[in-house]
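Visitor: Here it is, the structure, as structure tokens.
The values are calculated or read from the model by the stated rules, or taken from the named source; none is laboratory data. Keep in mind it's a predicted model, so treat the numbers as computed, not measured. Cβ atoms come from the backbone with ideal geometry, glycine included; neighbour counts cover every protein chain shown.
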Amino acid sequence: VHGIHLKNFAKRAYTLHPHGVRYTKENEGALYPDNTNHSQKKDDAVQPGEQYVYKWDVTEDHGPAEGDSNCLTRIYHSHIDAPKDVASGLIGALITCRKGVQLSVMMRLKKY
């Protein structure tokens with residue numbers, strides 16, 4: 001399980017919603033009517049000045065499969081107003097690699 005820390009320095013609420021990893025309801029970063037209680041909604045809107053640590057799990061079944069390249073690229077984005085948030089730049093690459101590969105990729109990138 002990986003902890004992803006979001007501290008909101010912006011002027012409106014944002015979240016982090018991942019694609020291609022495993023997460024619990026409290027860590028999906030998506031605001032919608034779902035009949036959950038207050039403690040399960042803390043990830044749904046990180047207000048200005050607030051912070052939240054999302055917990056995402058990258059399991060083998062969410063990583064590269066046989067025949068895939070060593071790393072897969074997925075995305076994460078804010079899910080408050082997804083089209084507006086993405087257009088504002090709140091989107092990024094979420095790269096998952098086979099065990100042992102990520103370090104070698106990072107070492108190669110350091111050379112540049």
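Visitor: Within the range 87-97, does at least one residue satisfy the condition of being without any contact (Cβ under 8 Å) to a residue 24 or more places away in the chain, part of a loop (DSSP other than H, G, I, E, B) and at positive phi?
Guide: Yes.
Visitor: Within the range 57-73, how many residues turn out to be crowded, with 16+ Cβ neighbours inside 10 Å, aliphatic (A, V, I, L, M) and assigned to a loop (DSSP other than H, G, I, E, B)?
Guide: 1
Visitor: Right, something else. When the range 7-40 is examined, which residues are found to be over 14 Å from ASP85 (Cβ atoms), exposed (fewer than 14 other Cβ atoms within 10 Å of the Cβ), more than 16 Å from the chain's Cα centre (by Cα) and not β-branched (Val, Ile, Thr)?
Guide: Of everything in the range 7-40, those that are over 14 Å from ASP85 (Cβ atoms), exposed (fewer than 14 other Cβ atoms within 10 Å of the Cβ), more than 16 Å from the chain's Cα centre (by Cα) and not β-branched (Val, Ile, Thr) turn out to be PHE9, TYR32, PRO33, ASP34, ASN35, ASN37, HIS38, SER39.
Visitor: Here are some conditions: (1) more than 18 Å from GLY3 (Cα to Cα); (2) in contact with a Lys or Arg (Cβ under 7 Å, 6 or more places away or on another chain); (3) modelled with pLDDT of 90 or more. LYS84 meets all but one. Which one does it not meet?
Guide: (2)
Visitor: Of all residues in the range 47-70, which are modelled with pLDDT of 95 or more and out of contact with any Lys or Arg (no Cβ under 9 Å at 6 or more places or on another chain)?
Guide: Of everything in the range 47-70, those that are modelled with pLDDT of 95 or more and out of contact with any Lys or Arg (no Cβ under 9 Å at 6 or more places or on another chain) turn out to be VAL53, TYR54, LYS55.
Visitor: Contact list please: Cβ distance under 9 Å, first residue in the range 62-82 and within 30 Å of TYR14 (Cα to Cα), second residue of a type in the set (Lys, Arg) and not in a strand (DSSP E or B), pairs at least six apart or on different chains.
Guide: Filtered contacts from the range 62-82: GLY63/ARG98; GLY63/LYS99; PRO64/ARG98; CYS71/ARG98; SER78/LYS84; ILE80/ARG12; ASP81/ARG12.
Visitor: A further question on this structure: Residue check, TYR54 against (1) among the hydroxyl-bearing types (Ser, Thr, Tyr); (2) touching a Leu at 6+ places or on another chain (Cβ under 8 Å); (3) surrounded by fewer than 16 Cβ atoms within 10 Å (Cβ to Cβ), all met but one. Which one?
Guide: (3)
Results for (1) at pLDDT below 95; (2) touching a Pro at 6+ places or on another chain (Cβ under 6 Å); (3) assigned to a loop (DSSP other than H, G, I, E, B), shown as yes or no for each residue.
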| site | (1), (2), (3) |
| --- | --- |
| GLY3 | yes, no, no |
| PHE9 | no, no, yes |
| GLY20 | yes, no, yes |
| GLU26 | yes, no, no |
| GLY29 | yes, no, yes |
| TYR32 | yes, no, yes |
| THR36 | yes, no, yes |
| LYS42 | yes, no, yes |
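Visitor: Report yes if ASP85 is under 14 Å from GLU26 (Cα atoms) and surrounded by 12 or more Cβ atoms within 10 Å (Cβ to Cβ), otherwise no.
Guide: no
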